[in-house]
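Taking it in order: structure first as structure tokens, then the write-up.
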């Protein structure tokens, strides 16, 4: 675990450095919004990684309820934590982008509201796992995560279903939603690098969760031996 972490640190720093350089230097200045549009290269990939992590949490929770697999439970916990972190980046960079463009930090439109609710759902999931007592905590958390995932497609389709101040999706949102090639290339590169970052964080947190489970199991066995003696 320690060796993997030491290897991952320079990789993470390198990816962050390259993505920042592409967003701040290589990407052209957007004609309408100017330099503030560069937040786009962090904002959208963060949302993608958060959604990917929540999907992994959803699948891992189903597997846990089906097989009671401790590794699935560890993966569910790890993916939720990483998803909440990237979701927080999404929610922070959104208002930073909105203020100079819309003139307001926040508006309760469909996309923003459902995204905030999604983040609160998974933050509550982590609180439940951390502070709930009893032998059914993992089961309750898994069930909560499965129902909570219903908000993910709502977030994705909200700007298609409702009139919203949030701009239309830049890809797949209609004939006028495409990106110019220089912007598209930087965006796709950053999207790929953020995905790799998310996977690295997920793997590290998963391994830590497995170690935590092994430690708790060892403590429980030691306690049982003490009682039997």
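Residue 94 passes all but one of (1) over 19 Å from residue 210 (Cβ atoms); (2) in a helix (DSSP H, G or I); (3) out of contact with any helix residue (DSSP H, G or I) (no Cβ under 8 Å at 6 or more places or on another chain); which number fails?
All conditions pass for residue 94, except number (3).
Would you call residue 160 in a helix (DSSP H, G or I), modelled with pLDDT under 80 and out of contact with any helix residue (DSSP H, G or I) (no Cβ under 8 Å at 6 or more places or on another chain)?
yes
Hey, any hits in the stretch 98-105 for a residue that's over 13 Å from residue 54 (Cα atoms), within 16 Å of the chain's Cα centre (by Cα) and surrounded by 15 or more Cβ atoms within 10 Å (Cβ to Cβ)?
no
In contact with a strand residue (DSSP E or B) (Cβ under 9 Å, 6 or more places away or on another chain) and modelled with pLDDT under 95: does that describe residue 36?
So residue 36 fits the description; yes.
So which pairs qualify, if the first residue must be in the stretch 49-68 and modelled with pLDDT of 95 or more, the second must be not in a helix (DSSP H, G or I), the Cβ gap must be under 9 Å, and the two must be at least 6 apart or on different chains?
Here the result reads 54/149; 55/149; 57/149; 58/149; 60/69; 61/149; 63/69, each pair linking the stretch 49-68 to a residue that is not in a helix (DSSP H, G or I).
Among the residues of the stretch 121-139, which ones are under 18 Å from residue 209 (Cα atoms) and either assigned to a helix (DSSP H, G or I) or within 19 Å of the chain's Cα centre (by Cα) (or both)?
Matches in the stretch 121-139: 122, 123, 125, 126, 127, 128, 129, 130, 131, 137, 138, 139.
Can you work out which of the residues in the stretch 75-97 that are over 16 Å from the mean Cα position of the chain (by Cα) and over 18 Å from residue 117 (Cβ atoms) is surrounded by the fewest Cβ atoms within 10 Å (Cβ to Cβ)?
Among those that are over 16 Å from the mean Cα position of the chain (by Cα) and over 18 Å from residue 117 (Cβ atoms), it is 96.
Of everything in the stretch 5-33, what is surrounded by 14 or more Cβ atoms within 10 Å (Cβ to Cβ) and not in a helix (DSSP H, G or I)? Give them in sequence order.
Correct list: 27, 30, 33.
The values are calculated or read from the model by the stated rules, or taken from the named source; none is laboratory data. All values derive from a computational prediction rather than experimental measurement. As a convention, Cβ positions derive from the backbone with ideal geometry for all residues, glycine included, and neighbour counts pool all protein chains shown.
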